[in-house]
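Colleague: Submitted below is the structure of interest, expressed as structure tokens.
The values are calculated or read from the model by the stated rules, or taken from the named source; none is laboratory data. Everything quoted here is computed from the prediction, not taken from an experiment. Note that each Cβ is placed from the backbone with ideal geometry, even for glycine, and that neighbours are counted across all protein chains shown.
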Amino acid sequence: MGIELWTLFFAAIVYLGVLFLIAYSADSGWLPKKLIDHPGVYALSLGVYATSWTFYGSVGLAAENGLAFLTIYLGVTGAFLLGPYILRPILRLCRDYQLASIADLFAFRFGGRATGFMVTMFMLIGILPYISLQIRAVTESIQVISREAPPDQLALVFCLLITVFAILFGARHLTPREKHAGLVAAIAFESAVKLIALVVAGLFAIMQVFGGFGGLNDWINANPAKLDSLYQPADSSLWTTLLLLAFCAAFLLPRQYHMTFVENEKPSSLNTAYWLFPLYLLLLNLPIIPILWAGQHLALTTAPDFYVLGMTLSLNNQWLSLLTFIGGVSAASAMMIVTSLALSYMCLNHLFLPASISATRPDTNLYRRILWSKRVIIAAIFAAGYGFFIVIERNQGLASLGLISFVAAAQLLPGTVGLLFWQRATQLGFILGLFGGATVWFVLLVLPLLTDTATIASVERLVSRLGFIDTDIWSLSTFCSLSVNSLLFIVGSLLARQSTEEREAAEACASGTVQPLSGSVIANSTEQLTDELAQLLGREAAEQEIDRALTETGLAANSISRGEFRLLHQRLERNLSGLLGPTVARLILRGSLRPNAPTEIALTESLQFMETRLETSRQELRGMTRELDTLRRYLRNVLQELPLGVCSIGPNHEVLIWNSAMQTISGVTARQATSGPLQELPAPWNELLGEFSSSDQPHLFKRQAMIDGKAATFNFHKSEISESLDRTDALTGQVILVEDRTNLDTLESELAHAERLASIGRLAAGVAHEIGNPLTGIASIAQNLNVENEHDDIREHSGDILVQVKRINAIVKSLLTFSHSDNVIGEQREIVNLTECIQEAIRLVQLSAEARQIKINVDLQDDLRILANPQQMSQVFVNLLNNACDASRSGDAVDISGRRHENSVFVSIRDYGCGIPEANRSRIFEPFFTTKAVGQGTGLGLPLVYSLISDHQGKITLSPATDLGSCFELELPWADAGKLAANPALT
């Protein structure tokens with residue numbers, strides 16, 4: 001006794017309504033996010049692989065080919081065991097470049113509209129048999145249970161029903177680039193329903209049909225041929241073929257790609273799916289053999305595909321019949337809904353939008369347009385599936401229709417291998433291979449479904465002439481199509497030259513990092529970029545996409561450098577790839593990015609973005625990968641913290657790396673440096689690095705330059721970069737090391753100066769001692785002559801001798817003072833008020849009539865205290881003031897100012913006289929160097945000042961040259977009276 005038709009439809013509608021409620025609850029946040037994001041839910045959602053073929057057709061496949069039915073699931077298990085090498089890289093590409101469909105993936109790698117168009121069209125045609133399989137399975141299951149209505153009418157009603165629910169699931173509102181958490185939850189629930197229904201049916205077969213496991217064992221012993229029939233076909237080549245087809249279907253079928261990669265919320269969830277999804281498939285297949293034997297035991301008249309229904313009906317268990325029917329509807333609807341969504345993305349991105357995007361007006365609402373286009377495409381896909389269901393002959397089993405689509409999906413395998421493992425693969429090779437394989441597939445598998453027996457006979461004669469007489473059709477079609485596909489793919493790739501775009505995409509697929517865009521950005525502002533996008537996307541969509549890209553990159557719209565525009569462009573293209581597909585995204589952004597030679601070293605901004613992405617996935621790294629990642633990070637930190645300046649230059653003279661030391665040396669930030677080519681660096685670094693980069697010398701020592709008005713000295717070293725360690729490949733850039741020698745040269749100069757002063761001091765002491773004794777004798781003799789002689793001429797000459805002796809004695813005293821100036825370090829010092837010391841020095845200097853003609857202006861703060869020898873400090877200021885007065889003309893002024901800043905006292909003495917020539921400025925502190933006339937100076941005044949100031953832990957400098965006069969600046973440590981009183985040892 002069957003179940004009434006209205007009951008079945010009511011049950012189906014209620015079940016689909018429950019699914020929609022689950023999806024809506026998940027999207028609305030009614031269900032716990034922890035549950036929705038659980039890796040187990042994601043793994044269960046992959047159960048969309050198990051369609052009505054699994055639920056119904058596996059029994060028919062087991063009846064015809066024995067245990068070979070297991071290959072459809074063992075192949076998938078193999079794909080997931082190899083997940084880290086196949087699934088993980090594809091997931092990375094999908095997430096990094098927003099590749100929303102299998103067509104997007106190949107269009108990204110093999111570039112151009114032709115690739116996306118061809119993959120989309122072929123997948124549309126290739127999946128139609130699979131969609132018709134679901135329609136046929138549901139309609140025939142309804143007919144088996146209800147024994148009412150012709151299949152065509154049931155099929156039409158079912159297609160209309162699924163169309164409505166598919167739109168509700170995936171096209172109710174536009175969620176560009178966002179995950180459909182509700183869809184994942186609903187599909188996971190459907191997977192659970194399928195498993196429960198099939199396991200219950202299997203237990204029913206064992207317990208009710210055979211009376212338990214003992215009864216089943218007795219039946220097997222009584223019918224050994226049934227057991228033998230399961231193993232007999234196992235030696236066939238069909239096993240290898242089905243394993244390969246299932247392996248490909250695991251990730252190349254549009255619905256599997258969509259659920260595995262596009263709807264993946266957390267990459268770590270894939271680790272759980274590696275073992276949980278194969279376990280789910282194992283449990284799903286355990287009931288198949290008991291159901292098959294139950295149908296054979298009951299001698300059911302229904303086709304083996306529907307033994308699960310016939311078994312329950314024959315025993316009048318309507319509740320179980322209804323449950324198994326719901327399980328079948330669950331399997332079929334899940335496949336059709338997800339497949340329609342995946343195909344709608346493909347059609348939208350590679351058929352509809354490339355042809356219509358240029359006609360978009362600025363006032364168009366792009367999102368609404370995409371949404372309605374998606375709905376129309378979903379309806380068209382189901383209409384095409386229904387049309388295929390009407391046209392084809394219905395003498396094939398459910399598994400046969402599914403295998404046709406499996407062979408179609410396998411045609412993408414050569415391209416996938418090239419995408420992941422062969423960087424030399426080209427677009428031409430992929431298109432030729434896919435076209436050749438698709439042609440063989442259509443002739444051998446699809447054409448016999450659509451034509452008369454005469455055409456089929458012609459195909460069979462062609463196959464026999466090729467020597468494939470006893471080969472099954474699945475092995476034959478798979479071998480021939482993949483052979484032609486692979487051969488054309490390899491030959492076409494070897495003959496064609498890769499474009500720059502293909503080469504960059506190949507590197508992105510082969511490497512584990514996000515590749516930056518090559519080219520220079522034409523747009524100068526976000527406003528200009530928005531205006532350009534608005535011409536193709538519409539104003540509203542353009543503004544939303546720009547704002548979203550700015551938010552994700554952390555950039556401010558009003559302060560974006562040239563290098564940051566490239567980063568913004570890169571993020572914008574990825575976002576548009578998720579919404580419109582990579583082909584349309586490239587077409588839209590082509591006008592604002594001018595292509596140039598490929599940049600093979602990532603820009604600093606792009607590196608920062610990649611580091612952020614790597615940080616989020618760091619917990620997923622394992623074993624050698626983790627060790628390599630740790631080493632990479634360590635080397636990056638070493639490079640950044642190296643005490644030498646590091647500047648890396650790309651093949652187009654773009655600055656790529658500018659480490660911390662380089663920022664300190666130059667005063668140029670990394671963001672400024674990496675925002676353009678070397679020539680656009682601030683002066684003088686554009687000239688310094690540009691000249692050295694283009695020179696033939698690998699080293700340049702003691703290159704002097706003016707940095708911020710101060711003289712600086714640098715050493716430069718460079719090395720060329722090539723792609724291989726043996727430097728046999730083309731050069732791709734340079735690394736320049738910059739060593740700042742300014743402080744070292746200053747120390748070396750001061751050390752040499754100190755050594756000269758020490759040697760001169762020793763010489764001066766010796767000379768003063770040796771000259772002093774005879775000088776005393778000469779003075780005594782001259783005095784005696786002056787006293788004892790009455791001759792005026794003799795007395796006059798003796799007086800002249802005494803004058804010269806006094807001059808010599810003054811020089812000797814200066815030598816002695818200079819030679820003993822360092823002894824002040826060991827003397828007892830006291831707190832000296834510099835204001836009083838300077839006032840005393842001014843009084844002493846103005847004893848001279850010439851000095852009184854000079855106006856000395858004093859501007860000294862209070863509390864200018866230092867710890868010093870007062871006589872030595874007085875001598876310092878007397879010497880400096882004497883020099884200032886000597887350089888000034890009558891009526892000129894000399895300015896003295898003093899101030900305290902933190903723990904230092906600063907004093908400046910400025911005159912407005914003739915100044916010091918540039919050629920003499922470096923020698924003013926050398927002993928015996930003087931520009932005064934002979935007899936007017938010893939050249940020891942400033943060296944003595946320098947020595948005394950240094951002994952007091954101070955500094956004296958001559959300010960940069962001006963048009964008028966000179967200015968000496970002194971810096972001495974300030975004395976804290978409180979600390980000195982508390983600790984007398986400091987004095």
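Colleague: Is it the case that residue 379 is more than 30 Å from residue 304 (Cα to Cα) and either of a type in the set (A, V, I, L, M, F, W, C) or at pLDDT 80 or above (or both)?
Modeller: Against the criterion (more than 30 Å from residue 304 (Cα to Cα) and either of a type in the set (A, V, I, L, M, F, W, C) or at pLDDT 80 or above (or both)), residue 379 qualifies.
Colleague: Go over the candidates 893, 887, 849 one by one and state the one that is modelled with pLDDT of 85 or more and assigned by TED's automatic domain parsing to the domain that holds residue 949.
Modeller: None of the other options fit; the residue is 893.
Colleague: Here is a follow-up. Can you tell me which residues in region 36-66 are polar (S, T, N, Q) and buried (at least 24 other Cβ atoms within 10 Å of the Cβ)?
Modeller: If the condition is that a residue be polar (S, T, N, Q) and buried (at least 24 other Cβ atoms within 10 Å of the Cβ), then 45, 51, 52, 54, 58 are the ones that fit.
Here's the yes/no breakdown for (1) β-branched (Val, Ile, Thr); (2) assigned to a loop (DSSP other than H, G, I, E, B); (3) at pLDDT 85 or above:
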| residue | (1), (2), (3) |
| --- | --- |
| 682 | no, yes, yes |
| 690 | no, no, yes |
| 700 | no, no, yes |
| 705 | no, no, yes |
| 714 | no, no, yes |
| 718 | no, no, yes |
| 724 | no, yes, no |
| 739 | no, no, yes |
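Colleague: Counting only residues that are of a type in the set (Val, Ile, Thr) and under 18 Å from residue 405 (Cα atoms), which one in region 67-86 is surrounded by the most Cβ atoms within 10 Å (Cβ to Cβ)?
Modeller: Going through the qualifying residues, I end up with 72.
Colleague: Considering only region 838-877, how many residues are part of a helix (DSSP H, G or I) and surrounded by fewer than 19 Cβ atoms within 10 Å (Cβ to Cβ)?
Modeller: 10
Colleague: Collect the residues in region 190-214 that are more than 53 Å from the chain's Cα centre (by Cα), surrounded by 15 or more Cβ atoms within 10 Å (Cβ to Cβ) and of a type in the set (Gly, Ala, Ser), keeping them in residue-number order.
Modeller: Across region 190-214, the qualifying residue is only 205.
Colleague: Checking residue 99 against (1) part of a loop (DSSP other than H, G, I, E, B); (2) more than 23 Å from residue 418 (Cβ to Cβ): exactly one of these is not met. Which one?
Modeller: Of everything listed in (1) part of a loop (DSSP other than H, G, I, E, B); (2) more than 23 Å from residue 418 (Cβ to Cβ), residue 99 misses just condition (2).
Colleague: Sticking with this one: Just checking, does region 79-87 include any residue being more than 30 Å from residue 496 (Cβ to Cβ) and part of a helix (DSSP H, G or I)?
Modeller: Checked region 79-87: at least one residue is more than 30 Å from residue 496 (Cβ to Cβ) and part of a helix (DSSP H, G or I).
Colleague: Specify which of the listed residues (103, 23) is touching a residue at least 60 places away in the same chain (Cβ under 8 Å), crowded, with 22+ Cβ neighbours inside 10 Å and closer than 22 Å to residue 197 by Cβ.
Modeller: From the options 103, 23, the qualifying one is 23.
Colleague: What residue, of 399, 355, 409, is at pLDDT below 80 and touching a Leu at 6+ places or on another chain (Cβ under 6 Å)?
Modeller: Exactly one of 399, 355, 409 is at pLDDT below 80 and touching a Leu at 6+ places or on another chain (Cβ under 6 Å), namely 399.
Colleague: Give the number of residues within region 1-40 that are over 47 Å from the mean Cα position of the chain (by Cα) and of a type in the set (S, T, N, Q).
Modeller: Adding up the residues that qualify gives 1.
Colleague: Please verify whether region 63-77 includes one or more residues that are of a type in the set (Val, Ile, Thr), at pLDDT 90 or above and not assigned by TED's automatic domain parsing to the domain that holds residue 329.
Modeller: yes
Colleague: Within region 284-293, identify whether any single residue is in contact (Cβ under 8 Å) with a residue 24 or more places away in the chain, loosely packed, with under 15 Cβ neighbours inside 10 Å and part of a loop (DSSP other than H, G, I, E, B), and answer yes or no.
Modeller: Yes, region 284-293 contains at least one residue that is in contact (Cβ under 8 Å) with a residue 24 or more places away in the chain, loosely packed, with under 15 Cβ neighbours inside 10 Å and part of a loop (DSSP other than H, G, I, E, B).
Colleague: In region 206-274, which helices (runs of 4 or more DSSP H) lie fully inside it and hold 2 or more residues that are under 20 Å from residue 59 (Cα atoms)?
Modeller: Once the helices (runs of 4 or more DSSP H) in region 206-274 are filtered for at least 2 residues that are under 20 Å from residue 59 (Cα atoms), what remains is 213-222, 224-231, 238-252.
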